[in-house]
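Each remark here refers to the structure printed beneath this line.
Derivation of every value follows stated rules applied to the coordinates shown; laboratory data play no part. Since we're looking at a predicted model, the values are computed, not measured. Don't worry about glycine lacking a Cβ; one is built from the backbone with ideal geometry, like all the others, and counts go over all protein chains shown.
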Amino acid sequence: MRKINVFDTTLRDGEQSAGVNLNFEEKMEIAKQLERLGVDIMEAGFPASSKGDFNSVKAIADTIKNCSVTGLARSVHSDIDTAWEALKGSAEPRIHVFIATSPIHMEYKLRMTSNEVVEAAVAAVKRSAAKFPQVQWSAEDASRTELPFLARIIEAVIDAGATVINLPDTVGFTTPHEIGNMFRYVTEHVPNIHKAILSTHNHDDLGMAVANSLAAIQNGAGQVECTMNGIGERAGNAALEEIAVALTIRNDYYKADTGLTLKEIKRTSSLVSKLTGMVVPNNKAVVGLNAFAHESGIHQDGVLKNKETYEIITPELVGVSSNRMVLGKHSGRHAFKDKLVELGFAGNDEQLERIFKAFKDLADKKKDITEDDLFALMTEATLGDAVSYYELESLQVNYGTNNIPTATVTMKIPSQEIIQEAATGSGSVEAIYNTLERIVDAPIVLEDYRIQSISAGRDALAEVFVKVKYDGIESTGRGTAHDVLEASAKAYINAVNRTINRKKYNIERTKHVNI
Ligand code: KIV
Ligand code: ZN
């Protein structure tokens, strides 16, 4: 069985998804969960793109010890030096340096000749190899690159010190057959290819990212780059969970496997979905809500007689539990802490106390507390720390079918004063948002609002996700509460707090850096 290295790029390519903007604490939380999942390499960001990205890559590199942490760099000296400053404290410092190699990218984007591109790539790899023990080099738009040129530049960068060669299908253009040919060609035409690991990185514009990744693995790739839930630039990247489970379930065919702890897949998927606000479709393979639901009578009958009639993957394999009722109103601190640790809690006593209090409050209102509820309380409490300029003290809403909805909000504002405001709206949520806009001192435009319930039942927790433009800056926010109106208020305030936080630390958006 060949071991395939999993290179996760949820925090870099995944974070480039439109509308996603993770803050420092959220990136760290995802990084720790990726470590639990057992990825071999995680790409934590693009250090030279902004101060914010530099800080989060550095913190993740200094914290994560059970996998290699890497950061992206263009083929320019300053990017490589900045990447070193961010990554030098990691367990196995690794750089991911790239340059485009297709005719269209070289001519129109880089405005460089092919000789100049080879020269720049070799210089970048040499500079990287002088600092980093592991140097990954990527040929951006490899799938549209002329094969003889691809072979020539790969040979040169391996001679210069590259240890991993990544061949991305940057625009999601290729097919499984073609990508297989590319990997075979490179294996057969690059004399020093045995000195490097070949890697595949695929985008999903034509819906073939996972199929292309598997075809590349069949044809020599020893590393696969992917993101959780397949999030990423445009239509996204190859989905980690689909590749990992395909290799496991069909290892009779692929004769390859990953070292992942598959039962962490569902939790990682839920965390990434929650923090990015990117909803996982119900019919999504492996992690969708319906992935293990048998609806047709014939299927249900078959599954009852023998599961394998219609079930090729067991839910337990990827950590999908029945979302059992885990604790109740009378559960003590000890049992509570044990359950949290089982769910991956690694916070401090103060956070534990906060989650315990939130749990007791919820248990007063909700009969059964499920794993999903606990997970929601836990992420809320662990990530709430750094962003609380405005704090909701109380909320009251008057609504009647024949009345104008009115909201009254009491809030602690940054000067620590308590302030109360009221406003009306055409609905309860609008009344709340109009009131909040009066309290925070800049106009807010609500660009997106989504609500979902965590677990089933009338007494389920509500989770609201919003996207707002506050003070000219786009930001997202999340709020969880037993009541939908309170969750709506919390999400809005969270978005405002996140904007202030970003401005305070001068963390500009990283997405539009010209790469
Ligand atoms: O898709 C791509 O080409 C990339 C590179 C920067 C590796 O993400
Ligand atoms: Zn990419």
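General remarks:
- Condition check for ALA18: of a type in the set (A, V, I, L, M, F, W, C) and away from ligand 1 (no atom under 16 Å from the Cβ): no
- For region 244-260, the set of residues classified as touching a residue at least 12 places away in the same chain (Cβ under 8 Å), in a helix (DSSP H, G or I) and more than 25 Å from the chain's Cα centre (by Cα) consists of ASN251, TYR254, listed by residue number.
- Residue in region 58-70 that is in contact (Cβ under 8 Å) with a residue 24 or more places away in the chain, in contact with a His (Cβ under 9 Å, 6 or more places away or on another chain) and closer than 19 Å to VAL224 by Cα present: yes
- Region 127-158, residues that are of a type outside the set (S, T, N, Q) and assigned to a loop (DSSP other than H, G, I, E, B): ALA130, LYS131, PHE132, PRO133, ASP141, GLU146
- Subset of region 197-214 [touching a residue at least 40 places away in the same chain (Cβ under 8 Å) and either within 14 Å of ligand 2 (Cβ to nearest atom) or crowded, with 21+ Cβ neighbours inside 10 Å (or both)]: SER199, HIS201, ALA209, ASN212, LEU214
- Conditions (1) touching a strand residue (DSSP E or B) at 6+ places or on another chain (Cβ under 9 Å); (2) away from ligand 2 (no atom under 16 Å from the Cβ); (3) more than 30 Å from GLU380 (Cα to Cα): number failed by THR276: (3)
- Region 12-45: number of residues that are within 16 Å of ligand 2 (Cβ to nearest atom) and within 28 Å of ASN251 (Cβ to Cβ): 5
- When LEU87, LEU150 are checked against the criterion of being crowded, with 17+ Cβ neighbours inside 10 Å and either β-branched (Val, Ile, Thr) or closer than 30 Å to ASP62 by Cα (or both), LEU87 stands alone in meeting it.
- Scanning region 70-100 for residues that are more than 14 Å from ligand 2 (Cβ to nearest atom), among the polar types (S, T, N, Q) and within 20 Å of SER199 (Cα to Cα) returns a single hit, SER75.
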